[in-house]
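Let me begin by presenting the structure, written as structure tokens, before commenting on it.
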Amino acid sequence: MPTDDTMHFPEFYNSPPAASRCPPEIICTIFEYSVPDPPQYDSDLRDPSHRQYSSISLTLGAICKHWRSIAWDTPLLWTTISIAIDNFNKPDRVTLVEEWLTRSRNLPLNIILHLRHPLDLPQDAYNPLLKAISTTSHRWRTMSMKLPWDLTQSLCEMAEELPMIHALRMDLFEDGSMATLDLYDVVLWGDERPAPAKLWLCSPLMPHTNVVWEALTTFKVRGITASDCSNILRFATMLDSCTFYDVIEAYEGQDFNGTILHEKLRRLTYTTDKPERSKPDLFILLVLPGLTHFSYTAPKTADESWIMHFFERSSCPLVELELIHLIIDYEADLSFILQTTPSITRLTLFPLIEGQDNPEEAYTAAPLVKDLAQESEENDSATILSTDFLPNLRYLEYRLSPNLSFPWTNVPKMFGHPTALSNPDRRPFKTLKVLNADGDPSANMHLKAIPKDVLLTLIELRKAGIEIIYEDTNHPQMDLFALSLAFHSMTEKDQ
């Protein structure tokens, strides 16, 4: 006896009459619009498991026989496939992959290979799948793989050529096997070097990856040495965007020779968690005259004067600057950089939160806010701010050090009077974001509270469209403006 659920099941999966009457070419076009964009890895190097790419095609085909026949005959629906390798070690599963790839006909492919669990069978059990995938290598447009070393090596050997490859992501599923092998002379891809425009690598695969470096425009890598970074910048002459995560700084005595002039590079991100030298040798060599976006994270380095010389040499049209966890003297170094780089529109500063003898002098935002609050000689209510310092700044993000308050008194002067916000001569400053990590948001309000007269002006500026944001990372629901109003026994109606 069928249950209510099973009785309604066929009716639920029947296509609506209107859909049945649509011409197949119209349904096909609708199906094509439902295809997700190809996978992107611009944000980071996370595991590439994208189940949605394997579900939309099957879902459309499960509605009814009419839709299934159209879906099966729409090649664009089958151009992206995400495969968890550990589920495809049997012939019937490999056949499914072959059918999927066949339905894509001759269109470029986006392929994602990953593991959910360590493999429990020998490599040979997965060779049929790798072979099926490798036969389409001439159609790969994007390939993302996170596999053990032996499967990575096998797939690269099977893939004869990659003439259409645009983006290549290679990560390693750590199973310990790579450490037991002598891989000194092993090169992936052999003589048929792929020439992707975008490449993402992990450090163990870096020495074995053989690509056309001159073709790269975007490169991301994690865990390589500063010396490797310098070599990449020397050879990848067409790079537009480069990200070096967790760089291993050079050891004492390692040679860094010559100047590295890279005229194409516009975006550079550089992070290192454990710097072992007082100065990053790479930036002593670099000259980047086209740099527009720069992000640098390197805690506990003792001498940051190099950064001033780097910008002085490069003389670049910087638009976005992000400095994370630096011990940097504002008056001696940072102020010079900001004064000589008027093109900056977005500035993010997260000073180091430990390690200084005089944290109040090292981490306070007061000097920066004071410079941004410089006024012209006019003193009436419609004062127009001087734009000599960071005249193009639109966005400022600043992370407070523990136990330090933000200099709110000068903040209204950073924006100017609310009635002058539309004046074309003022700095286009629209957003101030202050981050803090407070232990108790309600404690010491006499120190945290925004002064009464300043608070009312800030509220007026916010109503006029200025974004003034205070965010406590430990207490996301904290509203400093509401707490300050309560502290002063006020409401917004008291303006």
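The values are calculated or read from the model by the stated rules, or taken from the named source; none is laboratory data. Bear in mind that the values here come from a model prediction, so they are computed numbers and not experimental data. Ideal geometry is used to build each Cβ from the backbone, glycine not excepted, and the neighbour counts take in all protein chains shown.
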Those residues of the range 98-135 which are in contact with a strand residue (DSSP E or B) (Cβ under 6 Å, 6 or more places away or on another chain) and either farther than 12 Å from Phe173 by Cβ or buried (at least 20 other Cβ atoms within 10 Å of the Cβ) (or both), in sequence order: Trp100, Pro108, Leu109, Asn110, Ile111, Ile112, Leu113
Which numbered condition Ala437 fails, given (1) surrounded by 13 or more Cβ atoms within 10 Å (Cβ to Cβ); (2) at pLDDT 80 or above: (2)
Filter result (modelled with pLDDT of 80 or more and surrounded by 17 or more Cβ atoms within 10 Å (Cβ to Cβ)) within the range 376-390: Phe389, Leu390
Of all residues in the range 449-490 being among the polar types (S, T, N, Q) and assigned to a helix (DSSP H, G or I), the one that is surrounded by the fewest Cβ atoms within 10 Å (Cβ to Cβ): Thr457
Qualifying residue in the range 466-475 (condition: of a type outside the set (A, V, I, L, M), at pLDDT below 90, over 34 Å from the mean Cα position of the chain (by Cα) and in the same structural domain as Leu404 (by TED's automatic domain parsing)): no
Restricting the range 268-295 to residues that are at pLDDT 95 or above and within 19 Å of Phe350 (Cβ to Cβ), the residue that is surrounded by the most Cβ atoms within 10 Å (Cβ to Cβ): Phe294
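Going by the conditions given, is Ser137 assigned by TED's automatic domain parsing to the domain that holds Ile70 and within 22 Å of Ala71 (Cα to Cα)?
Values: assigned by TED's automatic domain parsing to the domain that holds Ile70: yes; within 22 Å of Ala71 (Cα to Cα): no.
So Ser137 does not fit the description; no.
How about the range 70-186: which strands (runs of 3 or more DSSP E) wholly inside it have at least 1 residues that are more than 24 Å from Ala197 (Cβ to Cβ) and out of contact with any helix residue (DSSP H, G or I) (no Cβ under 8 Å at 6 or more places or on another chain)? Give the steps one after another, and end with the answer.
On the way: elements: 80-84, 109-114, 140-147, 167-172.
Once the strands (runs of 3 or more DSSP E) in the range 70-186 are filtered for at least 1 residues that are more than 24 Å from Ala197 (Cβ to Cβ) and out of contact with any helix residue (DSSP H, G or I) (no Cβ under 8 Å at 6 or more places or on another chain), what remains is 80-84.
Restricting attention to the range 224-237, which residues are in a loop (DSSP other than H, G, I, E, B) and crowded, with 16+ Cβ neighbours inside 10 Å?
Just the residues of the range 224-237 that are in a loop (DSSP other than H, G, I, E, B), to begin with: 224, 236-237.
Once the filter is applied, which keeps residues that are in a loop (DSSP other than H, G, I, E, B) and crowded, with 16+ Cβ neighbours inside 10 Å, the range 224-237 yields Ile224, Ala236.
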Selected residue (only one of Leu107, Leu151 is at pLDDT 70 or above and either of a type in the set (Val, Ile, Thr) or in contact with a Ser or Thr (Cβ under 7 Å, 6 or more places away or on another chain) (or both)): Leu107
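Tell me the helices (runs of 4 or more DSSP H) entirely within the range 318-372 that contain at least 1 residues that are in the same structural domain as Leu390 (by TED's automatic domain parsing), at pLDDT 75 or above and crowded, with 20+ Cβ neighbours inside 10 Å.
Working: elements: 335-339, 359-363, 366-372.
Correct list: 366-372.
Examine the range 453-461 for a residue that is within 24 Å of Phe350 (Cα to Cα) and at pLDDT 85 or above, and state whether such a residue exists.
Checking the range 453-461: at least one residue is within 24 Å of Phe350 (Cα to Cα) and at pLDDT 85 or above.
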Single condition Tyr126 does not satisfy, out of (1) more than 26 Å from Lys220 (Cβ to Cβ); (2) within 31 Å of the chain's Cα centre (by Cα): (2)
Lone unmet requirement of (1) surrounded by 14 or more Cβ atoms within 10 Å (Cβ to Cβ); (2) outside any strand (DSSP E or B) for Trp200: (2)
Cβ-Cβ under 6 Å pairs, at least 6 apart or on other chains, the range 81-109 side of a type in the set (D, E, K, R), far side at pLDDT 85 or above and in a helix (DSSP H, G or I): Glu98/Ala132
